[in-house]
Amino acid sequence: MREGIHIKKALGEKFAGMRLKIGLFNAADIAVYAAAHEFGSPRMNIPKRSFLLEPIKRELPDIAKNAKSVNDIGVKLVAACQEEITTEGHGSWKGFSENYKVRPSGQPVTSASKLLRDTGALSKSITFKAEGV
């Protein structure tokens, strides 16, 4: 997760020779937690809750087509990833398991609890790096 999602070919001719990475580059403490949710972890009873790959696949074609710079694409993709967390996968994510009673922060899980938003640190840690700009 700290290496980010590498985007090159999908940027198209307009941005040939440039690369973009979206990820959690300075968040080693959050990276393991983030990866468990991004890809799912049957061992930890965590279903897949993709907040990086899915919004990037969905949003990148339109964003790249209308973007003026790679930085513009990065800003918009980070916002799309953060929105994925806020909307809990636009309502598609599985909720908390019956066995999950306490969040990593120590707070209890209640009917008002929101997935991946316990402290806001995950969402705030998503960023981008543009290369070849």
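FYI, it's all coordinate maths here, none of it is from the lab. This is a predicted model, so every value here is computed, not measured. Every residue, glycine as well, gets a Cβ built from its backbone with ideal geometry; the counts of neighbours run over all protein chains shown.
Quick one: if the Förster radius is 41 Å, what FRET efficiency do residue 29 and residue 65 give, using the C-beta to C-beta distance and rounding to 0.05? Numbers along the way, then the final one.
Numbers: r = 36 Å, r/R0 = 0.88.
Calculated value: 0.70.
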List every residue whose amide H lies under 5 Å from the amide H of residue 25, counting only residues 5 or more places away in sequence or on a different chain, with H placed 1.01 Å from N in the peptide plane. 127
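In nm², what is the average projected area of the convex hull enclosing the Cα atoms of segment 5-131?
8.1
Using a Förster distance of 22 Å, how high is the FRET efficiency between residue 44 and residue 109, based on the Cβ-Cβ distance and rounded to 0.05?
That gives a FRET efficiency of 0.90.
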